[in-house]
Structures are given as structure tokens and as C-alpha cells.
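Each remark here refers to the structure printed beneath this line.
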Amino acid sequence: MDIHTRYDTSDVPERDRFAYWRESVCDTYVKLGCDAEKRSGFWGLIDIARHPVLSISQVAGRAHKVDRRPRDIRSASDSFFLLSLQTAQSSRITQFGKTAILRPGDMALYTSSDPYTLELSDEFSQTVVQLPTDKLISRLPNAEMLTAKTIDGQTGIGKLVRENILAFAQHASSADPTVQSLVQDTLIDLIATGLASEQSGKLELSSPEQHVMLRVKSFIRNHLEDPNLDRNMVAAEMGMSVRRLNDIFAKEDLSIAAFIRQARLRRIADDLTDPRSACLSISEIAFRWGYSNMQNFSTTFRSHFGISPRAYRKQPGCPQ
């Protein structure tokens, strides 16, 4: 059974619009943090159609930022992939240390199972397809490896995929259950095709390597609090040499050390903006996530985020 829902800030008193939007975003997709530098005059619109297999939504609004945080993931029971297709202005999608910049026609995938950040520009609009993880993995086993990569929707296969996603999305609500099922399956096939096209000419992970990569990332995320976590520990856990593990990561333009560092910094940044950690000092939060050298931590944090941990914590909306 299809369910259509529309969230429109124009129906809400201006003083309550951003709060309404923040609640609407979480209700529509997955639990998220949401913030905007300019809340005055904010507007946003979500028109979503929930189908038996997937959901398709049209989203538009003023500039703001959403974050899928570790605490959001811990409380989730379902896992989804989301594909954003930019239809106006621009956006940035960051996940696993990679960033995709989308302009009209471009697309990118991200997963609800790991932290991500969306930065949306003024007067943006997108079509967003949300689908169960297993539906895409069954067609494209390494889909998680292809997140936060820009799919050019202006040329080649990307253009074909973009045009057909927009066209098929209009027919996903067919009254005929057979037609509806076929349309939804075709949409998932199109998304898999667009993602697969991005692998052309690149080193690809074999199936065993994909499983190793997923196991490694899971192990790292579950052991970030251990200050001894490093490439040697990870390699020992996987039962392979550091050199072999580095070779696998290199195919994804990553290093083990960089992935550990980025994952720790993301957890720390999340805690710095979490009211439940307001009573903890910056050093206590850094120690919690495996840092023992505060000077090194401060330098690394500033290099990654462009500001100091203290300045990051003092941003509007963060606990003081």
C-alpha cells in the first residue's frame, strides 16, 4: 500500500519552521541531526511517496546541513541505501572520508548504516530514492564501496540512468500491483547500473576482498576506543599481513591509518556537539576515542575540520 506525505514549512508559523523541518526530516528518512546557519526565513518542502519496496521523495529548501550520527545508527533497526539526484543548485555528501559534490543532474549513493553528512545549498532541490540495503546488495555486492562518489548525470550511462529514474519515479504508484512491482525493481536495477558504471577503468575489489574490507571497517568502528588500535592489530584480526591489507585499501584510495583517524575524528566531533557530553572536557572526549596525545589530536582535528576542537564545540547549536 502506498503512503503519500507532504511536509511544508509554509503551513507553520515562521518561528517554528526550522524545528518543524528538523522533526520532518527525521520522520521521513532516518534519525538525523539537522542544523542551519540561517534559521530566519527558513523554508523547506518534502513530498514523499512510500511504496512497498522503496520510497521516493522530492526535497527542496534553504541551505542547511544534516548529519547521520553514531548514536542515530545505534538506535536504528533498519538499514537503507539512499540515492540523491540533484535537480537544482548543489549539495555535498560526505561518507567514509569521501565527498561527492552534486550539481543538477548528478547523483550519489550513501548508506544509513554509517555516519554521513549532507550539506545543502540555498534553493536546492533533489529527488531522493530510499531502498532496503539487501535489495541493492543483491544486485551490486560492493555497493557500500561506491558511496559518496559523484555519478555524472549529464553524459553516457549516467544521463540514461538520471532520465529514467525521474521518468520511472512518476509511475511507481501504479494501481496495478504487478506494474508497480516491476517499476520499483527497474528503479533499483537502474541505480545499480549507474553505480556499476563508475567502476569502469578502475581497480576493483574481488568478492573476497570486498568481504575483507567490510569486516575490517566493522572491526575498526567497534574498537575505536582502544588506543592500541592500528594497522597491525587490524591485520592480525583479519589473519593477513599488513602489506596485503594495505594493498586492498589502496584500491579504494584509502589507507588503514587514515580510515581509523577519520572514524575517530567523526566520533569525537559527534560527542563535541552532543548535549549528553557537555559535562566532559575536550581531552576526556579525545581519550574516550583512543587519543592519548592531546597536541597531536588538536593538530589532527584542525587539519581535518579546519578549526580547533574548542571552536568546533562553540559553533551555534553546540552545547557550551
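Read the figures in this text as sums done on the coordinates, not as results from a lab. Owing to the predicted nature of the structure, the values given are computational and were not obtained by experimental measurement. Note: ideal-geometry Cβ built from the backbone for every residue, glycine included; neighbour counts use all protein chains shown.
A few comments on the model shown:
- With a Förster radius of 22 Å applied to the beta-carbon distance between residue 243 and residue 283, the computed FRET efficiency rounds to 0.05.
- Positive-pole candidate from 301, 143, 57, dipole of the chain, charges at beta carbon: 301
- Projecting the Cα atoms of 262, 240, 250 onto the dipole axis of the range 207-313, where Lys and Arg carry +1 and Asp and Glu carry -1 at the beta carbon, places 262 farthest toward the positive end.
- GNM flexibility winner over the chain from 221, 244, 62 (Cα, springs under 10 Å): 244
- Taking other C-beta atoms within 10 Å as the exposure proxy, 99, 9, 178, 127 rank 178, 99, 127, 9 from fewest upward.
- Among 24, 113, 138, the largest mean-square fluctuation in a Gaussian network model of the chain (Cα springs under 10 Å) belongs to 138.
- The alpha carbon centroids of the range 1-15 and the range 227-256 are separated by 47 Å.
- One decimal place: the segment residue 3-residue 164 gains 55.7 nm when fully extended, by the rule 0.36 nm per residue minus the C-alpha distance.
- Relative contact order (percent, whole number), the range 68-124, Cα cutoff 8 Å, 6+ residue spacing: 43 percent
- Reachable lysines, given that their alpha-carbon falls under 22 Å from the alpha-carbon of residue 98 and they are not under 8 places away in the same chain: 31, 65, 149, 202, 217, 251
- Considering only alpha-carbon pairs that sit under 8 angstrom and 6 or more positions apart, the relative contact order computed for the range 207-313 is 26 percent.
- In plain terms, the residue of 287, 124 with the fewest other Cβ atoms within 10 Å comes first and the most crowded comes last, giving 287, 124.
- Within a Gaussian network of the chain (alpha carbon springs, distance under 10 Å), most fluctuating of 85, 32, 166: 166
- Long hydrophobic helices in the chain, taken as whole DSSP H segments with a C-alpha length of 15 Å or more on their own axis and mean Kyte-Doolittle hydropathy at least -0.5: 156-169, 177-197, 256-272.
- Whether the range 11-74 is rounded, prolate or oblate, judged on the alpha carbon gyration tensor where a/c under 1.5 counts as rounded: oblate
- Computed extension gain for residue 276 through residue 294, at 0.36 nm per residue and net of the alpha carbon distance, reaches 4.3 nm.
- If you plug the beta carbon distance of residue 101 and residue 251 into 1/(1 + (r/R0)^6) with R0 = 22 Å, you get a FRET efficiency near 0.45.
- Cα-based shape type of the range 207-313, given that a ≥ b ≥ c are square roots of the gyration tensor eigenvalues and the cut on a/c is 1.5: prolate
- Unit charges on C-beta of K, R, D, E only; dipole of the chain, Debye: 1080 debye
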